[in-house]
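This report concerns only the one structure given below.
The values are calculated or read from the model by the stated rules, or taken from the named source; none is laboratory data. From a predicted model like this one, the values you see are computed outputs, not experimental measurements. Here the Cβ is made from the backbone with ideal geometry for all residues, glycine too, and neighbour counts use every protein chain on show. Only protein heavy atoms, including side chains, enter the accessible area calculation; ligands, DNA and RNA are left aside. Shrake-Rupley method; radii C 1.70, N 1.55, O 1.52, S 1.80 Å.
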Amino acid sequence: MSDCEADDDPPQLSAATLAALQEFYAEQADRRQQLQDAIQRHDVGKVVLEEDWNLSQFWYSDDTATVLAEEVLDVVGPRGSIACLSCPTLYKKLRQVKPDTGRAVLLEFDQRFDIYGEDFVFYDFNNPLEFSQLLQEKSFDIVVADPPYLSEDCLTPVAETIRFLTTGKIMLCTGAKMEDLAWTLLGVKPCSFKPQHTRNLGNKFSCYVNYNSGLS
(Lines give C-alpha, C1' and ligand atoms only; values in the text may rest on other atoms or scores of the structure.)
Protein backbone atom coordinates (compact mmCIF):
# COMPACT_ATOMS: atom_id res chain seq x y z
CA MET A 1 0.00 0.00 0.00
CA SER A 2 1.37 3.42 -0.97
CA ASP A 3 1.84 6.34 1.43
CA CYS A 4 -1.01 8.16 -0.35
CA GLU A 5 -3.37 5.28 0.26
CA ALA A 6 -2.34 5.18 3.93
CA ASP A 7 -3.05 8.91 4.29
CA ASP A 8 -6.60 8.31 3.01
CA ASP A 9 -7.46 5.94 5.86
CA PRO A 10 -10.10 7.42 8.20
CA PRO A 11 -8.80 8.50 11.62
CA GLN A 12 -9.31 5.95 14.36
CA LEU A 13 -10.67 6.90 17.79
CA SER A 14 -8.83 5.64 20.81
CA ALA A 15 -10.62 3.15 23.05
CA ALA A 16 -10.90 5.77 25.81
CA THR A 17 -12.40 8.38 23.45
CA LEU A 18 -14.85 5.88 22.02
CA ALA A 19 -15.94 4.83 25.50
CA ALA A 20 -16.48 8.48 26.49
CA LEU A 21 -18.60 9.09 23.38
CA GLN A 22 -20.69 6.02 24.06
CA GLU A 23 -21.27 7.14 27.64
CA PHE A 24 -22.28 10.63 26.43
CA TYR A 25 -24.79 9.24 23.92
CA ALA A 26 -26.19 6.87 26.52
CA GLU A 27 -26.72 9.75 28.97
CA GLN A 28 -28.43 11.80 26.23
CA ALA A 29 -30.76 8.89 25.42
CA ASP A 30 -31.52 8.42 29.13
CA ARG A 31 -32.41 12.11 29.55
CA ARG A 32 -34.69 11.99 26.50
CA GLN A 33 -36.45 8.93 27.92
CA GLN A 34 -36.86 10.61 31.33
CA LEU A 35 -38.37 13.64 29.60
CA GLN A 36 -40.86 11.55 27.67
CA ASP A 37 -41.79 9.57 30.79
CA ALA A 38 -42.37 12.77 32.79
CA ILE A 39 -44.53 14.27 30.04
CA GLN A 40 -46.65 11.13 29.84
CA ARG A 41 -47.13 11.26 33.63
CA HIS A 42 -47.97 14.98 33.40
CA ASP A 43 -45.16 15.46 35.91
CA VAL A 44 -43.35 18.29 34.11
CA GLY A 45 -42.16 19.82 37.36
CA LYS A 46 -39.43 17.19 37.51
CA VAL A 47 -38.30 17.61 33.91
CA VAL A 48 -34.68 18.77 33.58
CA LEU A 49 -33.83 20.50 30.31
CA GLU A 50 -30.21 21.15 29.47
CA GLU A 51 -28.98 24.63 28.59
CA ASP A 52 -28.79 25.32 24.87
CA TRP A 53 -25.74 27.51 24.48
CA ASN A 54 -26.69 28.24 20.88
CA LEU A 55 -29.63 30.14 22.35
CA SER A 56 -27.40 31.81 24.95
CA GLN A 57 -29.07 29.91 27.80
CA PHE A 58 -27.49 29.90 31.24
CA TRP A 59 -29.56 28.55 34.12
CA TYR A 60 -29.75 30.21 37.55
CA SER A 61 -28.40 28.35 40.52
CA ASP A 62 -31.11 26.91 42.75
CA ASP A 63 -30.32 29.48 45.45
CA THR A 64 -30.73 32.35 42.99
CA ALA A 65 -33.99 30.95 41.61
CA THR A 66 -35.30 30.60 45.17
CA VAL A 67 -34.35 34.16 46.18
CA LEU A 68 -35.92 35.66 43.05
CA ALA A 69 -39.09 33.57 43.40
CA GLU A 70 -39.52 34.60 47.04
CA GLU A 71 -38.98 38.24 46.09
CA VAL A 72 -41.56 38.37 43.31
CA LEU A 73 -44.13 36.44 45.35
CA ASP A 74 -43.65 38.89 48.19
CA VAL A 75 -44.18 41.77 45.74
CA VAL A 76 -47.33 40.50 44.02
CA GLY A 77 -49.01 38.62 46.86
CA PRO A 78 -50.90 35.31 46.77
CA ARG A 79 -53.18 36.32 43.88
CA GLY A 80 -50.60 38.11 41.79
CA SER A 81 -49.58 37.52 38.19
CA ILE A 82 -45.96 37.11 37.09
CA ALA A 83 -44.49 37.09 33.59
CA CYS A 84 -41.12 35.34 33.31
CA LEU A 85 -39.49 36.58 30.12
CA SER A 86 -36.59 34.36 29.01
CA CYS A 87 -35.95 33.07 32.54
CA PRO A 88 -37.22 29.47 32.59
CA THR A 89 -35.39 28.46 35.78
CA LEU A 90 -37.27 31.16 37.71
CA TYR A 91 -40.55 30.01 36.18
CA LYS A 92 -39.84 26.41 37.17
CA LYS A 93 -39.13 27.48 40.76
CA LEU A 94 -42.35 29.50 40.84
CA ARG A 95 -44.31 26.42 39.78
CA GLN A 96 -42.95 24.72 42.88
CA VAL A 97 -43.58 27.46 45.43
CA LYS A 98 -46.35 29.81 44.28
CA PRO A 99 -49.85 29.44 45.71
CA ASP A 100 -52.52 27.99 43.44
CA THR A 101 -54.26 31.36 43.48
CA GLY A 102 -51.32 33.02 41.72
CA ARG A 103 -50.39 33.00 38.05
CA ALA A 104 -47.00 32.61 36.39
CA VAL A 105 -46.37 32.53 32.66
CA LEU A 106 -43.15 31.78 30.76
CA LEU A 107 -42.41 33.75 27.59
CA GLU A 108 -39.61 31.88 25.84
CA PHE A 109 -38.13 31.28 22.38
CA ASP A 110 -37.10 27.70 23.14
CA GLN A 111 -40.11 25.58 22.24
CA ARG A 112 -38.94 22.67 24.40
CA PHE A 113 -40.71 24.54 27.19
CA ASP A 114 -44.10 24.03 25.58
CA ILE A 115 -44.29 21.07 27.98
CA TYR A 116 -45.74 23.66 30.37
CA GLY A 117 -48.89 23.87 28.29
CA GLU A 118 -50.92 27.07 28.59
CA ASP A 119 -48.26 28.62 30.82
CA PHE A 120 -45.86 28.65 27.85
CA VAL A 121 -45.95 31.56 25.42
CA PHE A 122 -43.64 31.48 22.42
CA TYR A 123 -41.68 34.74 22.32
CA ASP A 124 -39.08 36.12 19.92
CA PHE A 125 -37.58 39.44 20.98
CA ASN A 126 -37.28 40.38 17.30
CA ASN A 127 -41.08 40.69 17.33
CA PRO A 128 -41.57 42.21 20.79
CA LEU A 129 -45.36 42.49 20.76
CA GLU A 130 -46.18 39.22 19.00
CA PHE A 131 -47.08 36.26 21.24
CA SER A 132 -48.32 32.75 20.54
CA GLN A 133 -51.40 33.43 22.65
CA LEU A 134 -53.33 36.55 23.52
CA LEU A 135 -51.72 38.62 26.26
CA GLN A 136 -53.44 41.81 27.26
CA GLU A 137 -51.58 45.07 27.79
CA LYS A 138 -50.67 45.68 31.44
CA SER A 139 -51.86 42.21 32.46
CA PHE A 140 -49.04 41.25 34.86
CA ASP A 141 -48.27 42.65 38.31
CA ILE A 142 -44.55 42.18 37.65
CA VAL A 143 -42.45 41.24 34.65
CA VAL A 144 -39.13 39.50 35.32
CA ALA A 145 -36.83 39.47 32.29
CA ASP A 146 -33.43 37.99 31.56
CA PRO A 147 -32.62 38.89 27.94
CA PRO A 148 -30.52 36.26 26.16
CA TYR A 149 -27.93 38.71 24.84
CA LEU A 150 -26.04 41.59 26.43
CA SER A 151 -26.64 44.08 23.66
CA GLU A 152 -28.69 47.15 22.89
CA ASP A 153 -30.25 45.34 19.94
CA CYS A 154 -31.65 42.75 22.34
CA LEU A 155 -32.52 44.83 25.40
CA THR A 156 -34.37 47.52 23.44
CA PRO A 157 -37.13 45.26 22.05
CA VAL A 158 -37.27 43.27 25.30
CA ALA A 159 -37.90 46.55 27.13
CA GLU A 160 -40.81 47.23 24.77
CA THR A 161 -42.31 43.87 25.72
CA ILE A 162 -41.81 44.57 29.42
CA ARG A 163 -43.47 47.98 29.25
CA PHE A 164 -46.42 46.48 27.37
CA LEU A 165 -47.06 43.65 29.84
CA THR A 166 -46.40 45.15 33.27
CA THR A 167 -48.80 47.14 35.40
CA GLY A 168 -45.73 48.87 36.78
CA LYS A 169 -43.21 46.64 38.55
CA ILE A 170 -40.13 45.40 36.71
CA MET A 171 -37.24 43.10 37.57
CA LEU A 172 -34.41 42.76 35.08
CA CYS A 173 -31.50 40.32 35.38
CA THR A 174 -28.72 41.07 32.94
CA GLY A 175 -25.08 42.02 32.65
CA ALA A 176 -23.63 44.81 34.77
CA LYS A 177 -22.48 46.53 31.59
CA MET A 178 -26.13 47.10 30.62
CA GLU A 179 -26.84 49.31 33.65
CA ASP A 180 -27.02 52.68 31.86
CA LEU A 181 -29.21 51.38 29.05
CA ALA A 182 -31.47 49.55 31.51
CA TRP A 183 -32.03 52.82 33.39
CA THR A 184 -32.72 54.71 30.17
CA LEU A 185 -35.21 52.17 28.81
CA LEU A 186 -36.91 50.95 31.98
CA GLY A 187 -35.96 53.21 34.90
CA VAL A 188 -34.50 50.29 36.86
CA LYS A 189 -31.65 50.47 39.36
CA PRO A 190 -29.25 47.70 40.46
CA CYS A 191 -29.80 45.76 43.70
CA SER A 192 -27.08 44.51 45.98
CA PHE A 193 -28.18 40.94 45.20
CA LYS A 194 -26.18 39.37 42.36
CA PRO A 195 -27.72 36.47 40.41
CA GLN A 196 -25.57 33.34 40.23
CA HIS A 197 -25.64 30.65 37.56
CA THR A 198 -24.96 26.94 37.56
CA ARG A 199 -21.93 27.67 35.38
CA ASN A 200 -19.41 30.42 36.00
CA LEU A 201 -19.91 33.17 33.43
CA GLY A 202 -17.30 35.62 32.27
CA ASN A 203 -19.66 38.60 32.50
CA LYS A 204 -20.72 40.17 35.78
CA PHE A 205 -24.48 39.96 36.31
CA SER A 206 -26.80 42.25 38.22
CA CYS A 207 -30.43 42.38 39.25
CA TYR A 208 -32.30 45.63 38.57
CA VAL A 209 -35.72 46.76 39.82
CA ASN A 210 -37.91 49.87 39.66
CA TYR A 211 -39.51 49.50 43.11
CA ASN A 212 -38.43 49.29 46.75
CA SER A 213 -37.05 45.76 46.92
CA GLY A 214 -35.95 43.37 49.62
CA LEU A 215 -32.99 42.56 47.36
CA SER A 216 -31.46 46.04 47.71
Within segment 198-216, how many residues turn out to be more than 13 Å from residue 144 (Cβ to Cβ) and surrounded by 15 or more Cβ atoms within 10 Å (Cβ to Cβ)? 2
Restricting segment 95-135 to residues that are within 19 Å of residue 66 (Cβ to Cβ) and surrounded by 23 or more Cβ atoms within 10 Å (Cβ to Cβ), the residue that is farthest from the chain's Cα centre (by Cα): 104
Among the residues of segment 146-155, write down those that are open to solvent by 10 Å² or more (accessible area, probe 1.4 Å) and under 18 Å from the mean Cα position of the chain (by Cα). 146, 148, 149, 150, 151
Conditions: (1) open to solvent by less than 40 Å² (accessible area, probe 1.4 Å); (2) at pLDDT below 95. Residue 143 meets all but one. Number of the miss? (2)
Residues to consider are 108, 137, 118, 130; find the one that is more than 27 Å from residue 179 (Cα to Cα) and either modelled with pLDDT of 95 or more or of a type in the set (Asp, Glu) (or both). 118
Report, by residue number, each residue of segment 175-206 that is at pLDDT 95 or above, outside any helix (DSSP H, G or I), touching a strand residue (DSSP E or B) at 6+ places or on another chain (Cβ under 7 Å) and farther than 19 Å from residue 66 by Cβ. 188, 189, 190
